[in-house]
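Input: a single structure, listed below in structure tokens.
The values are calculated or read from the model by the stated rules, or taken from the named source; none is laboratory data. Everything numeric here is computed off the predicted structure, so don't read it as measured data. Cβ placement follows ideal geometry from the backbone for every residue including glycine, while neighbour counts extend to all protein chains displayed. For the accessible areas, the whole protein counts, side chains as well, though only heavy atoms, and no ligand, DNA or RNA atoms are used. Shrake-Rupley method; radii C 1.70, N 1.55, O 1.52, S 1.80 Å.
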Amino acid sequence: MTALPTTGRSWHLVARPHGWPKPEDFALREAPVTEPGEGRVLVRNLHFSVDPYMRGRMNDVKSYVPPFKLDQPMDGGAVGEVIASADERFAVGDHVLHGLGWREYAEVPAQHATKVDASLAPLSAYLGVLGMPGLTAYAGLFEVASFKEGDSVFVSGAAGAVGSQVGQLAKLRGASRVIGSAGSDEKVKHLIEDLGFDAAFNYKNGPVAEQLRAAAPDGVDVYFDNVGGDHLEAAIGSLNLHGRAAICGMIAQYNNTESTPGPRNMALIIGKRLRLQGLLVSDHAALQPQFVEEVSAWIRSGELKYSETVVEGIENGYDAFVGLLRGENTGKMIVSLTR
Ligand SMILES: NC(=O)c1ccc[n+]([C@@H]2O[C@H](COP(=O)([O-])OP(=O)(O)OC[C@H]3O[C@@H](n4cnc5c(N)ncnc54)[C@H](OP(=O)(O)O)[C@@H]3O)[C@@H](O)[C@H]2O)c1
């Protein structure tokens, strides 16, 4: 057996950000790596995920996921290789998905690790298109928004991990029209030319409501909300009778220091009999096998495309996270430790 590393680095939250995170709120620290205890495995992380929900975990507020503890390693989705095992279900060399990201080496309780097959898909795909964001798109569109063939769909954050999958899934299941919004002209071009969206617009180029009305003159039946704010207000304005919205995220307000006013046109919900429903991916774990089977077939056939923005090196973990909040990613933002 090759010798285990003696030390490994991990990102710690050292102060709770007020508004936009700052470098001094985080620290990359080195600590000893130990043999795994009974029923645990030691994993060398190869990729870890940075996700928008982590911004909420940096605040000391009660939410659906507990806040990060100060001066402790942060956590989140990661994939890696088992380098030592004290559990009979895992062998050295197995690839696993687990929840102890933001670090080079993770000692993981075996019941919290899931084997993944590197021959089926690149390992990083289990953090994106075949992982949590992918399931969010699938469950949000098909279950929460009750998408049906012939619906027209508007998705915000459309060039990101969740949004890019929502738009393509809608097209694959027979949407009449798919419209996306994103934060650059290059992303808009990518949505139309590479991902097959029918229309897209750059929300920085003008009022969202006006651009949405121009892109969807007949209105939309489904809105998949990743952004909130003026996007949600515009969508309420454009939703057709009996329209449905899956409220997945509100990234436009994650760094706000004041509470954000709601849409000014909520009264339209009544006359149009709209349904706006919140979505938490963790409620939809039962869909996982069906999701993986269907989406991996679409990936293999080339009908569903995905992108990753890969930041190399654990020392760049903070930059990757803030880059995600700034829109520097197309598709899933990943930190790779394979160098
Ligand atoms: N409810 C759940 O269970 C669940 C699960 C996963 C994700 N989510 C939510 O889903 C959304 C997308 O997550 P993701 O992992 O796929 O991230 P992502 O879309 O890959 O990355 C975040 C994107 O948000 C956009 N953005 C940042 N600030 C914005 C603003 N002020 N207005 C509009 N867009 C802005 C940026 O793209 P632009 O260049 O286009 O601005 C950025 O690339 C997030 O709101 C997240 O919290 C929810």
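Overall form of the chain: prolate. Here a/c, set by the Cα gyration tensor axes a ≥ b ≥ c, is 1.5 or more, and a/b is the larger of a/b and b/c.
With the crude spin-label approximation of a point 7 Å out along Cα→Cβ, what separation in nm comes out for residue 186 versus residue 257? It works out to 3.1 nm between the two label points. Accessible surface area normalised per residue over the chain is 45 Å², counting heavy atoms of protein chains with a 1.4 Å rolling probe. By accessible area, using a 1.4 Å probe on protein heavy atoms only, segment 132-282 has 51% of its surface on carbon and sulfur. Summary of the geometry: segment 172-209 and segment 1-55, compared by the centres of their Cα atoms, lie 36 Å apart.
Count Lys and Arg as plus one, Asp and Glu as minus one, and take only other residues whose Cβ is under 13 Å from that of residue 37; the net charge is then -3.
The solvent-accessible area of residue 336, taken with every protein chain present and a 1.4 Å probe, is close to 10 Å².
Centre-to-centre, using Cα atoms only, segment 301-331 and segment 233-249 are separated by 28 Å. Only protein heavy atoms count here; on that basis, with a 1.4 Å probe, residue 119 has an accessible area of about 100 Å². Packing-based ranking of 98-107, 280-289 yields 98-107, 280-289, ordered from highest to lowest mean Cβ neighbour count within 10 Å. GNM on the chain, alpha-carbon springs under 10 angstrom: the most fluctuating residue among 127, 212, 28 is 28. Under 5 Å from the amide H of residue 47 lie the amide H atoms of 79, 337, each residue being 5 or more positions distant or on a separate chain, with H modelled from the backbone and absent for Pro and chain starts.
Between rounded, prolate and oblate, where does segment 246-323 land on the alpha carbon gyration tensor, with a ≥ b ≥ c its root eigenvalues, rounded for a/c under 1.5, else prolate if a/b exceeds b/c? Oblate shape, in that a/c is at least 1.5 and b/c is the bigger or equal ratio. Annotation note: GluC sites (Glu not before Pro) in segment 199-289 located in DSSP loop regions with a Cβ neighbour count of at most 15 within 10 Å are 258.
Take every pair of alpha-carbon atoms less than 8 Å apart whose residues are at least six positions apart; their mean separation over the length of the chain yields a relative contact order of 17 percent. Distance between the C-alpha centres of segment 215-230 and segment 134-153: 13 Å, rounded to the whole angstrom.
Per-residue SASA remark: residue 176, around 70 Å² accessible (1.4 Å probe; ligands, DNA and RNA not included).
For the set 69/305; 69/171; 171/272; 189/272; 115/189, the pairs lying more than 30 angstrom apart at their alpha carbons are 69/305; 69/171; 189/272; 115/189. For the chain, the antiparallel share of DSSP beta bridges with both residues in that region comes to about 55%. By the gyration tensor of its Cα atoms, with a ≥ b ≥ c the square roots of the eigenvalues, what is the shape of segment 132-282: rounded for a/c under 1.5, prolate for a/b over b/c, or oblate? The shape class here is rounded. Work through the residues other than residue 277 whose Cβ is under 14 Å from its Cβ and net out their charges, Lys, Arg +1 and Asp, Glu -1. Result for the neighbourhood of residue 277: 0.
As a rough guide to protection, the peptides 160-169, 129-138 ranked by mean Cβ packing within 10 Å, highest first, stand as 160-169, 129-138.
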